[in-house]
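These notes concern the structure reproduced below.
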Amino acid sequence: MSGGPCSFGLTDDGRDLLNRIQHSLPLLADLARADLLLYCKADSSSEAQVVAEAKPHSVPSIYSDSQLSKKVGVADEPAVLRVFARGKPEQQVRREFVRGSQTVQVVHPVKSGQSVVGALSTETSLVDRERQQEKGIVFQRAMAQLRRIVLQGQLEGGQNIGPIGEHDGSMVVDSRGQILYISPIAENLYRRQGLTRPLLGARLADLRTDESSFFKALESGVCVEDVVEEGPLVWVRKAIPLVASPVTSWWKRLREPEELDGVILVIQDITEERRKEQELKIKSAMIQEIHHRVKNNLQTIAALLRLQARRTGSEEVVDVLRQTINRILSVAVVHEFLSHDESSIINIKDVCQRILDEVTQGVLDPDKRIRIALEGSNIYLPAQQATSCALIVNELLQNAVEHGFSNRWEGTITITLHDNGNNLTLEIVDDGQGLPPGFSFSRGTNLGLQIVSTLAREDLKGAFELVNGSGSSQGGTHCGVRAMVTIPKAQRGQKVASAAIR
């Protein structure tokens, strides 16, 4: 039970019954257009405790907060405590006003054999109760029968029925398929199918619509929910079976209204939602195709620049073109990820791995034993920030390879990703020859480092730091370089500028 243990005087059968009832409460709350509170006796015999609750989707709840685990006494809920004591239903109109209307409370006992093991309180505003009563005697009897089935723990599959809203249409249909009650909303939905004749009293078989959910619920005795296409419309059909209890006493048959064998049908029109979903799928597919074409175009530009690099005789021009090619390809990596994933959130660790592979194949001297390692968590960023990070990683890796190991034949470069709570850190550390004496980033002319600084500060609103220090030294000279970019998670009020650890 949702509200926690409540074992005062409960047997295993009683506890099992309350659990089965709990599963059906959301469905009953929606159809009854009321708040439902399920009570059992608390540790004190003079108190009861809420062990489950269900708020309706069809009308606003009368409670602004959860009532779970709330304990009440006679002064708080006299009707509830009387039901436990007498084992008979209680009804009262409360003095409190909710949204300008008084509330009505009806409490029914939950019995396991002859013992009262719980109490179900149905609470609704007086206005909503009057609207329910306006639906007629057939609907009222159907709801009373459904409540009896729920209280006996006999409703099967009720937890599999989705929420029922105020704009959904309802019907009561007997076992022969004859419509005994139909709401104006349901009748209007059928009229959109071209059925203009009165439907009250008609048979489902004559409507020429897909009523398979009715027959499945009737035959199986289990609640059924299906999505069906009715011409241009898309409906969700929800079928709740009603099974009449056997009446063994002729005197009871005279005193109580006869129950019916049939089904409560609810129709939800989701045509507009499906249309919007389809439009979003088409839009998403188009965006993915655009990213795919952008990636291909960038790779084509990179290929043209490679051709140009082969035709030039200047080593300086070749070096500039190679760096430009790597920058273009680092952006292409992001577009490749976007072309395969509907979301615009990208795993930076995957991007770093792809760039690492590109640098290993295209920049590293195959005669040198330089190892590039990737460590840290999966960090997810929006596409714009991911693109900036891809460029930063590309520039810092190339800088470490070219300057840290220009005179060395082996070493290690480590890329590490950190999520520090309020910010993210991208760190690239090498054990190469370190920065030259008197190095000042502010006086540097390295274009790659200027790009990193601009992207970190202007685009990512973060900070960039470049210092000597990998923790090792040779001959008393500190070696290695640590480059660190810190990115704050909140950027100018953006909705998602943070990284999510998955």
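The values are calculated or read from the model by the stated rules, or taken from the named source; none is laboratory data. Since this is a predicted model, take the numbers as computed values, not measurements. For neighbour counting, all protein chains shown are included, and Cβ atoms are generated from backbone atoms with ideal geometry for every residue, glycine included.
For G113, only one of the following conditions fails: (1) within 39 Å of the chain's Cα centre (by Cα); (2) in contact (Cβ under 8 Å) with a residue 60 or more places away in the chain. What is its number?
(1)
Which number in (1) without any contact (Cβ under 8 Å) to a residue 24 or more places away in the chain; (2) crowded, with 16+ Cβ neighbours inside 10 Å marks the one condition that Q361 misses?
The number of the failed condition is (2).
For the range 45-82, what are the residues that are among the polar types (S, T, N, Q) and touching a residue at least 24 places away in the same chain (Cβ under 8 Å)?
Residues of the range 45-82 that are among the polar types (S, T, N, Q), as a first pass: 45-46, 49, 58, 61, 64, 66-67, 69.
Across the range 45-82, the qualifying residues are S45, S46, Q49, S58, S61, Q67, S69.
Pairs only if they're at least six apart or on different chains, beta carbon under 8 angstrom, first in the range 309-320 and closer than 17 Å to G362 by Cβ and not assigned by TED's automatic domain parsing to the domain that holds V363, second charged (D, E, K, R) and assigned to a helix (DSSP H, G or I); list them, first residue then second.
Final answer for the pair search is A309/R322.
Taking the range 193-226, which residues are part of a strand (DSSP E or B) and within 22 Å of H23 (Cβ to Cβ)? Can you show your working first?
Let us first name the residues in the range 193-226 that are part of a strand (DSSP E or B), namely 203, 222, 224-226.
Hits for the range 193-226 are V222, V224, E225, D226.
Would you please list the contacts, defined by Cβ atoms under 8 Å and residues six or more apart or on different chains, that run from a residue in the range 226-254 that is in the same structural domain as V150 (by TED's automatic domain parsing) and loosely packed, with under 12 Cβ neighbours inside 10 Å to a residue that is among the β-branched types (V, I, T) and at pLDDT below 85?
Pairs found: R253/V247.
Does S58 count as surrounded by fewer than 22 Cβ atoms within 10 Å (Cβ to Cβ), in contact with a helix residue (DSSP H, G or I) (Cβ under 8 Å, 6 or more places away or on another chain) and farther than 24 Å from L10 by Cβ?
Numbers: surrounded by fewer than 22 Cβ atoms within 10 Å (Cβ to Cβ): yes; in contact with a helix residue (DSSP H, G or I) (Cβ under 8 Å, 6 or more places away or on another chain): yes; farther than 24 Å from L10 by Cβ: yes.
Yes, satisfied.
Among the numbered criteria (1) crowded, with 21+ Cβ neighbours inside 10 Å; (2) touching a Leu at 6+ places or on another chain (Cβ under 7 Å); (3) within 24 Å of S61 (Cα to Cα), which one does R147 miss?
It is condition (1) that R147 fails.
Mind listing whichever residues of the range 290-305 are loosely packed, with under 13 Cβ neighbours inside 10 Å and either over 40 Å from the mean Cα position of the chain (by Cα) or outside any helix (DSSP H, G or I) (or both)?
Listed by number, the residues that qualify are A303, L304.
Suppose we filter V80, V127 for residues that are over 25 Å from C40 (Cα atoms) and either surrounded by 14 or more Cβ atoms within 10 Å (Cβ to Cβ) or modelled with pLDDT of 95 or more (or both); which single one remains? Outline the logic, then answer.
Values: V80 fails: over 25 Å from C40 (Cα atoms).
After ruling out the rest, the residue left standing is V127.
For the range 122-141, check the following and say yes or no: at least one residue is of a type in the set (F, W, Y), outside the structural domain of L31 (by TED's automatic domain parsing) and within 27 Å of S170 (Cα to Cα).
So the first thing to find is which residues in the range 122-141 are of a type in the set (F, W, Y), and the list is 139.
Checking the rest, the ones that are also outside the structural domain of L31 (by TED's automatic domain parsing) come to 139.
From what's left, within 27 Å of S170 (Cα to Cα): 139.
Checking the range 122-141: at least one residue is of a type in the set (F, W, Y), outside the structural domain of L31 (by TED's automatic domain parsing) and within 27 Å of S170 (Cα to Cα).
Run G153 past the list (1) assigned to a loop (DSSP other than H, G, I, E, B); (2) within 30 Å of I270 (Cβ to Cβ) and report the number of the one that doesn't hold.
(2) is the only condition that G153 fails.
Only one residue in R310, R322 is part of a helix (DSSP H, G or I) and closer than 20 Å to I392 by Cβ, so which one is that? Show your work before the answer.
Values: R310 fails: closer than 20 Å to I392 by Cβ.
Testing whether each residue is part of a helix (DSSP H, G or I) and closer than 20 Å to I392 by Cβ leaves just R322.
Inspect all residues belonging to the range 344-354 and state whether any of them is modelled with pLDDT under 85 and assigned to a helix (DSSP H, G or I).
No, the range 344-354 contains no residue that is modelled with pLDDT under 85 and assigned to a helix (DSSP H, G or I).
Would you mind finding the one in E336, E358, E375 that is more than 22 Å from P488 (Cα to Cα) and under 31 Å from the mean Cα position of the chain (by Cα)?
Details: E358 fails: under 31 Å from the mean Cα position of the chain (by Cα); E375 fails: more than 22 Å from P488 (Cα to Cα).
Of E336, E358, E375, the one residue that is more than 22 Å from P488 (Cα to Cα) and under 31 Å from the mean Cα position of the chain (by Cα) is E336.
For residues that are assigned to a loop (DSSP other than H, G, I, E, B) and touching a strand residue (DSSP E or B) at 6+ places or on another chain (Cβ under 7 Å), scanning just the range 166-175, find the one that is farthest from A205 (Cα to Cα).
Start the filter on the range 166-175 by keeping residues that are assigned to a loop (DSSP other than H, G, I, E, B), which leaves 166-168, 175.
Filter once more, so that each one left must be touching a strand residue (DSSP E or B) at 6+ places or on another chain (Cβ under 7 Å): 168, 175.
Numbers: D168: 22, S175: 12 Å.
Ranking the qualifying residues of the range 166-175, first place goes to D168.
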